[in-house]
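Input: a single structure, listed below in structure tokens.
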Amino acid sequence: QVQLVESGGGLVQPGGSLRLSCAASGSRFNFNAMGWYRQAPGKQRELVALITGGGSTHYGDSMKDRFTISRDNVKNTIYLQMHSLKPEDTAVYYCTAGPSVLLLLKLSGSWGQGTQVTVSS
């Protein structure tokens with residue numbers, strides 16, 4: 001079992017920046033891989049970025065240009081730094097965790113409750 005608590009969402013103007021955090025607790029094996037997905041209204045859940053305990057990263061299409069995922073293994077926390085935000089980045093951002101990146105790519109990890117990011121003037 002793993003518990004995930006996200007924070008850092010909110011309202012930001014176009015062109016602005018935001019940093020999301022996700023803290024994990026529970027069995028360390030179950031959060032060897034962690035990451036972020038997002039879901040906008042009426043759309044499927046979309047991969048943003050994943051990261052392993054060793055720091056290997058995997059980004060969704062077009063995400064690497066403006067988003068950076070990082071990890072603090074002491075705090076069991078991952079971060080998503082977002083720059084040059086656009087209205088189309090508006091979505092609920094979900095933290096996910098599991099034993100492997102492959103499981104997360106199959107949407108088979110544990111999930112946080114989600115945090116809303118709204119990009120609007």
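The values are calculated or read from the model by the stated rules, or taken from the named source; none is laboratory data. Since the model is a prediction, treat every value here as computed from it, not as a measurement. Glycine also receives a Cβ, built like all others from the backbone with ideal geometry; neighbour counts cover every protein chain displayed. Note: accessible area is taken over every heavy atom of the protein model, side chains too, but ligands, DNA and RNA are not part of it. Shrake-Rupley method; radii C 1.70, N 1.55, O 1.52, S 1.80 Å.
Just a few scattered comments:
- Among residues of the stretch 87-113 that are touching a residue at least 60 places away in the same chain (Cβ under 8 Å), those with a beta-carbon under 8 Å from a residue that is of a type in the set (Asp, Glu) at least six positions away or on a different chain give the pairs 93/6; 94/6; 95/6; 112/6; 113/6.
- Top-ranked residue in the stretch 92-121 [being hydrophobic (A, V, I, L, M, F, W, C), under 12 Å from the mean Cα position of the chain (by Cα) and open to solvent by 20 Å² or more (accessible area, probe 1.4 Å); ranked as nearest to residue 46 (Cα to Cα)]: 92
- Residue within the stretch 20-36 that is within 12 Å of residue 117 (Cα to Cα) and either surrounded by 14 or more Cβ atoms within 10 Å (Cβ to Cβ) or at pLDDT below 95 (or both) present: yes
- Here residue 65 passes the criteria (1) of a type in the set (Asp, Glu); (2) in contact with a Ser or Thr (Cβ under 9 Å, 6 or more places away or on another chain); (3) under 19 Å from residue 8 (Cα atoms) except the one numbered (3).
- Residue satisfying condition, being in contact with a strand residue (DSSP E or B) (Cβ under 8 Å, 6 or more places away or on another chain) and not aliphatic (A, V, I, L, M), within set 120, 84: 120
- Residue in the stretch 48-58 that is buried (at least 22 other Cβ atoms within 10 Å of the Cβ), modelled with pLDDT under 95 and over 16 Å from residue 118 (Cβ atoms) present: no
The rows are residues; the columns are (1) of a type in the set (Val, Ile, Thr); (2) in contact with a Pro (Cβ under 7 Å, 6 or more places away or on another chain); (3) at positive phi.
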site: 40; (1), (2), (3): no, no, no
site: 77; (1), (2), (3): yes, no, no
site: 80; (1), (2), (3): no, no, no
site: 87; (1), (2), (3): no, yes, no
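- Among the residues listed as 72, 61, 65, the single one being among the acidic types (Asp, Glu) and over 22 Å from residue 118 (Cα atoms): 72
- Only a single item in (1) modelled with pLDDT of 95 or more; (2) open to solvent by 50 Å² or more (accessible area, probe 1.4 Å) is not met by residue 16, and it is number (2).
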